[in-house]
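The values are calculated or read from the model by the stated rules, or taken from the named source; none is laboratory data. All values reported here derive from a predicted model rather than from experimental measurement. Cβ coordinates were reconstructed from backbone atoms using ideal geometry, including for glycine residues, and neighbour counts include every protein chain displayed.
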Amino acid sequence: MPPTTTDFSLAQIGQISIPVRDVGRAVRFYRDTLGMRFLFEVSGLAFFDCGGVRLMLSVPESPEFDHPASVVYYRVDNIAAAFDTLSSRGVEFEREPHLIGETPTHEIWMAFFRDPERNVLAIMAEVPR
């Protein structure tokens with residue numbers, strides 16, 4: 001296929017879908033445990049706002065969608081404080097925040113955990129050097 005020259009690009013995420021088996025349980029975790037802003041629930045779908053990106057929790061509509069989600073990384077300002085807060089709410093992290101890599105200007109720190117449906121999630125912080 002020949003290359004296309006256009007100004008079009010995919011540059012903004014509008015929505016991320018995470019498959020769940022129990023929408024009510026997932027809503028409680030994302031809203032009450034993670035403290036995310038709940039928008040609404042309709043017909044087995046629940047929606048949250050993540051800084052302008054909509055997160056949709058839904059029961060898979062067909063077998064092709066019935067698998068763990070891609071990893072969603074939530075940006076936080078202070079990873080140690082976020083880790084402590086979420087841990088106090090019952091989130092079980094795989095391990096404490098750790099340095100993943102460095103750029104010329106930042107250290108990139110992450111900590112991974114799972115939601116009740118076993119989807120992998122992470123908190124991340126870019127700490128100025």
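Which residue is nearest to A122 (Cα to Cα), if the candidates are limited to region 33-66 and must be in contact (Cβ under 8 Å) with a residue 24 or more places away in the chain and part of a helix (DSSP H, G or I)?
T33
So for region 78-97 (the condition being under 12 Å from the mean Cα position of the chain (by Cα) and among the hydrophobic types (A, V, I, L, M, F, W, C)), does at least one residue qualify? Reasoning before the result, please.
Step one: filter region 78-97 for residues under 12 Å from the mean Cα position of the chain (by Cα), giving none.
No, every residue in region 78-97 fails to be under 12 Å from the mean Cα position of the chain (by Cα) and among the hydrophobic types (A, V, I, L, M, F, W, C).
Would you mention how many residues in region 67-84 are farther than 12 Å from R114 by Cα, in contact (Cβ under 8 Å) with a residue 24 or more places away in the chain and outside any loop (DSSP other than H, G, I, E, B)?
From region 67-84, those farther than 12 Å from R114 by Cα are 67, 74-84; that's our starting set.
Now restrict to residues that are in contact (Cβ under 8 Å) with a residue 24 or more places away in the chain: 67, 74-79, 82-83.
Still in the running and outside any loop (DSSP other than H, G, I, E, B): 74-75, 79, 82-83.
Result for region 67-84: 5.
In region 69-84, is there at least one residue being among the hydroxyl-bearing types (S, T, Y) and more than 27 Å from P19 (Cβ to Cβ)? Before the answer, list the steps.
Looking only at region 69-84, we keep the residues that are among the hydroxyl-bearing types (S, T, Y), and these are 70, 73-74.
Keeping just the survivors that are more than 27 Å from P19 (Cβ to Cβ) gives none.
So far as region 69-84 goes, no, none of its residues is among the hydroxyl-bearing types (S, T, Y) and more than 27 Å from P19 (Cβ to Cβ).
Pairs only if they're at least six apart or on different chains, beta carbon under 6 angstrom, first in region 1-25 and within 13 Å of V53 (Cβ to Cβ) and assigned to a loop (DSSP other than H, G, I, E, B), second at pLDDT 70 or above and β-branched (V, I, T); list them, first residue then second.
I13/V53
Only residues that are surrounded by 11 or more Cβ atoms within 10 Å (Cβ to Cβ) and assigned to a strand (DSSP E or B): list them for region 99-117, please.
Step one: filter region 99-117 for residues surrounded by 11 or more Cβ atoms within 10 Å (Cβ to Cβ), giving 100, 102, 106-117.
Of everything in region 99-117, those that are surrounded by 11 or more Cβ atoms within 10 Å (Cβ to Cβ) and assigned to a strand (DSSP E or B) turn out to be I100, E102, H106, E107, I108, W109, M110, A111, F112, F113, R114.
Rundown of residues vs (1) surrounded by fewer than 16 Cβ atoms within 10 Å (Cβ to Cβ); (2) on the phi > 0 side of the Ramachandran plot; (3) in contact with a Ser or Thr (Cβ under 9 Å, 6 or more places away or on another chain); (4) at pLDDT below 95, yes/no style:
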| residue | (1), (2), (3), (4) |
| --- | --- |
| L34 | no, no, no, no |
| E41 | yes, no, no, yes |
| F48 | no, no, no, no |
| G51 | yes, yes, no, yes |
| P60 | yes, no, no, yes |
| E64 | yes, no, no, yes |
| P68 | yes, no, no, yes |
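Filter region 15-32 for residues that are among the charged types (D, E, K, R) and either modelled with pLDDT under 95 or over 13 Å from the mean Cα position of the chain (by Cα) (or both) and give the result. Break it down into steps so the answer makes sense when it comes.
Initially, region 15-32 is screened for residues among the charged types (D, E, K, R), giving 21-22, 25, 28, 31-32.
Hits for region 15-32 are R21, D22, R25, R28, D32.
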